[in-house]
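Student: Before I ask anything, here is the structure I am working with.
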Amino acid sequence: MYPERPAGIAFGGDYNPEQWPREVLEEDVALMREAGVNLVSLGIHSWALMEPAEGRYEFGWLDEIIDRLHAAGVAVDLATPTVAPPAWFVAAHPDVLPVTREGIRIGFGGRQTACSSAPAFREATARLVRALGEHYRDHPAVVMWHVHNEYGAPLGECYCEHSVAAWREWLKATYRDISALNDAWGATFWGQIYTDWSQIDAPRFNHTAVNPAQRLDYARFSDGQHREHYALQRDILREITPHLPVTTNFAGTVNCKSADLWQWARELDVIANDHYLRAEQPDNHIDLAMSADLARSVAGGAPWMLMEHSTGAVNWQPRNIAKRPGEMRRNSLAHVARGSDSVLFFQFRASRFGAEKFHSGLVPHAGTDSEQWREVVRLGADLRRLADLRGSRVRAEVAIVWDWESYWALELDWRPSVDLTFRERVDAFYEALWREHVTVDFVHPSADISGYRVVVAPSSYLLTEASAKNLHRYVEGGGNLLVSYFSGIVDEHDTIHPGAHPGALRELLGLSIEEFHPLRESETVALTGGDTARIWSERVRPAGAAAVLDFAAGPDAGHPAFTRHDLGAGTAWYLATAPVTGLRGLLTQVLDHANVSRPRGLPDTLELVRRGAHTFLINHGDEPVTVEGVTGTSVFDGVRHDGPVTVAPGAVVVVVETLRSQGEPS
Ligand code: GAL
């Protein structure tokens with residue numbers, strides 16, 4: 001259920017008028033009208049104002065703000081402020097303060113200062129949310145609910161006494177019998193057998209590695225506790241305002257490791273994502289695209305909301321680099337191209353005080369006589385021209401497997417190499433596909449993937465038997481699966497699948513691994529065909545698979561590095577290392593084999609995405625780019641194209657109707 005209002009693309013962001021004198025509200029409302037702001041998120045950190053003392057709810061100050069916004073035609077995404085429990089509450093219930101894995105109880109003075117499992121926090125949450133919901137149940141300005149803020153960030157797991165009590169209940173419900181838990185956790189290893197539930201602690205800091213199955217379960221449990229806290233609020237709000245969608249904003253789909261967003265997605269009415277550029281990372285617009293594609297994927301392909309990004313610099317990175325002219329526009333339109341029906345920011349007016357006073361806003365400290373404000377006004381106008389886009393979908397022929405459980409498991413202690421990280425391989429494959437102008441979806445390995453021409457499994461270390469069977473069926477049915485090393489190794493308890501690696505995928509890939517040979521830091525080994533590889537080498541023993549490339553040097557010289565295995569109507573490919581420059585070339589072979597359509601001959605600085613009838617051409621480079629075969633009308637200037645379109649450096653062109661690119665079948 002996407003919010004019905006505002007119509008078109010939502011534009012605006014977090015708004016914190018409580019930090020300003022009343023007259024600034026008047027100025028803000030006028031500026032919102034000037035820029036075309038049509039949605040703001042209110043009250044995210046306002047518990048202390050909404051409930052200044054236990055049970056005393058005061059919404060008058062907020063009524064005044066909401067009424068004023070409503071009169072100006074600005075809709076409200078109203079927050080439940082549970083991310084910021086007030087000082088009086090924490091002082092009365094110090095046991096709600098979360099405890100880190102190292103055993104440090106955090107103090108008041110930041111935010112996220114209550115444990116999702118703490119009974120006092122849950123009770124106070126329920127009372128406050130009910131009061132808030134009842135008060136605004138009929139207010140015409142309120143179009144949706146914004147529960148909490150970025151669950152799990154920055155602290156995904158809490159180790160307090162309430163968490164441990166809830167954890168034991170969770171374990172009882174999951175395993176029923178303590179011997180089943182001992183089996184699942186491999187508790188005979190290091191003699192960790194439990195004879196009573198009360199002996200089980202959270203996997204807190206230890207001077208050595210802690211049982212990985214216990215840690216994996218704790219990650220599942222902890223994420224579930226946040227979801228319970230969310231669902232508690234969602235259920236109250238649904239009861240009072242069944243007509244309003246409820247969501248919570250993710251702390252960045254690709255960055256918030258502690259939240260399994262496939263599970264979260266089932267609980268939300270609309271997916272809302274926050275994304276901040278890693279300012280110093282070269283080509284950080286690729287990470288942005290990945291975050292947006294993952295948001296669309298967890299939304300099941302439905303339009304989602306970009307709940308927060310920044311107009312310029314953030315304030316929490318080592319060097320907070322301001323966006324260059326045009327960058328905010330490119331960023332915003334890239335999110336829209338990839339399925340967002342909103343462009344919202346943190347925050348409307350930059351704060352004067354507090355921890356975020358050096359963070360950009362729509363209205364900067366410099367005021368409206370600024371490049372920043374002029375860009376904001378222009379963006380508002382652009383988005384109004386894209387109103388028709390609302391609700392339309394992006395179609396992808398290629399998918400990348402993304403599983404948070406595998407992410408958690410892969411990055412526990414004592415793996416064969418510290419260079420094995422989840423994001424390292426996913427990013428490498430995503431970037432290669434982005435540069436090939438291929439739009440991708442992300443999928444869970446158990447999902448229905450039969451509609452994709454190619455599925456890539458970059459770091460699928462943890463793969464259940466059921467998921468492995470799903471991949472098998474996909475290939476037999478005609479799919480192309482490309483698996484990279486260290487995949488299909490363990491089951492859901494971090495126990496190695498029986499036999500040689502990769503136990504879950506041996507048959508499907510037509511090979512086994514005799515030995516892992518991780519490379520030294522900065523070591524490379526030659527491959528046949530001229531490329532070199534890094535990070536990983538291993539001894540592949542084909543059993544049906546054919547070698548496409550071999551290792552030409554190193555511990556596995558003369559043995560396969562890249563294989564293919566035709567199975568049923570499809571092909572399973574396996575890449576046993578990390579090519580230094582040739583990943584894109586290898587991927588191209590697979591894409592061509594699978595007839596994946598994509599434009600040819602374009603530089604990899606140009607982002608090309610189709611959404612419904614709209615084609616987005618975003619030039620991230622310093623040179624103009626000409627795209628051939630463009631037919632349609634340019635949305636921003638109304639120019640009709642029937643042939644080449646030139647996109648100036650840093651510019652964005654959106655063409656509605658059809659586009660046929662060079663070399664692409666018509
Ligand atoms: C987000 C958060 C916002 C604000 C923003 C600053 O993670 O949800 O409240 O702090 O970061 O970049």
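Student: Looking only at segment 511-548, filter to residues that are of a type in the set (A, V, I, L, M), touching a residue at least 24 places away in the same chain (Cβ under 8 Å) and assigned to a strand (DSSP E or B); which one of those is nearest to Arg425 (Cα to Cα)?
Tutor: Here the answer is Ala533.
Student: Here's another thing I want to ask about it. Working only within segment 528-546, note down all residues that are over 10 Å from Ala576 (Cβ atoms) and crowded, with 19+ Cβ neighbours inside 10 Å.
Tutor: Filtering segment 528-546 down to residues over 10 Å from Ala576 (Cβ atoms) leaves 528-532, 534-535, 541-546.
Result: Asp531, Ile535, Ala545.
Student: Please go through segment 1-24 and pick out each residue that is surrounded by fewer than 19 Cβ atoms within 10 Å (Cβ to Cβ), at pLDDT 95 or above and hydrophobic (A, V, I, L, M, F, W, C).
Tutor: Ala7, Trp20, Val24, listed by residue number.
Student: Checking Leu261 against (1) among the aliphatic types (A, V, I, L, M); (2) crowded, with 21+ Cβ neighbours inside 10 Å; (3) away from the ligand (no atom under 16 Å from the Cβ); (4) closer than 23 Å to Ala114 by Cβ, only one condition comes out false. Which one?
Tutor: Answer for Leu261: the failing condition is (3).
Student: Then there is this: So, Ser392, is that one in a loop (DSSP other than H, G, I, E, B), out of contact with any helix residue (DSSP H, G or I) (no Cβ under 9 Å at 6 or more places or on another chain) and under 29 Å from Gly612 (Cα atoms) or not?
Tutor: Taking the combined requirement at face value, the residue satisfies it.
Student: Could you give me the residue pairs with C-beta distances under 7 Å whose first residue belongs to segment 441-456 and is aromatic (Phe, Trp, Tyr), whose second residue is part of a strand (DSSP E or B) wherever it lies, and which are 6+ apart or on separate chains?
Tutor: Within 7 Å, the pairs are Phe442/Ala399; Phe442/Ile400; Tyr452/Val398; Tyr452/Ala399.
Student: Right, next: So which of Leu410, Leu379 ends up being assigned by TED's automatic domain parsing to the domain that holds Val74 and either at pLDDT 95 or above or acidic (Asp, Glu) (or both)?
Tutor: After applying the criteria, what remains is Leu379.
Student: Assigned by TED's automatic domain parsing to the domain that holds His45 and open to solvent by 10 Å² or more (accessible area, probe 1.4 Å), is that true of Ala334?
Tutor: No.
Student: Which of the residues spanning segment 282-329 are within 16 Å of the ligand (Cβ to nearest atom), polar (S, T, N, Q) and surrounded by 20 or more Cβ atoms within 10 Å (Cβ to Cβ)?
Tutor: Ser291, Ser310, Thr311
Student: Please determine whether any residue of segment 65-72 is within 14 Å of the ligand (Cβ to nearest atom) and touching a residue at least 40 places away in the same chain (Cβ under 8 Å). Before the answer, list the steps.
Tutor: Of all residues in segment 65-72, those within 14 Å of the ligand (Cβ to nearest atom) come to none.
Taking every residue of segment 65-72 in turn, none turns out to be within 14 Å of the ligand (Cβ to nearest atom) and touching a residue at least 40 places away in the same chain (Cβ under 8 Å).
Student: Run Arg220 past the list (1) in the same structural domain as Val270 (by TED's automatic domain parsing); (2) of a type outside the set (A, V, I, L, M, F, W, C); (3) in contact (Cβ under 8 Å) with a residue 60 or more places away in the chain and report the number of the one that doesn't hold.
Tutor: So the condition that Arg220 fails would be (1).
The values are calculated or read from the model by the stated rules, or taken from the named source; none is laboratory data. Since we're looking at a predicted model, the values are computed, not measured. Note that we place each Cβ from the backbone using ideal geometry, even for glycine, and neighbour counts take in every protein chain shown. To get the accessible areas, we keep the full protein, side chains included, count just its heavy atoms, and leave off ligands, DNA and RNA. Shrake-Rupley method; radii C 1.70, N 1.55, O 1.52, S 1.80 Å.
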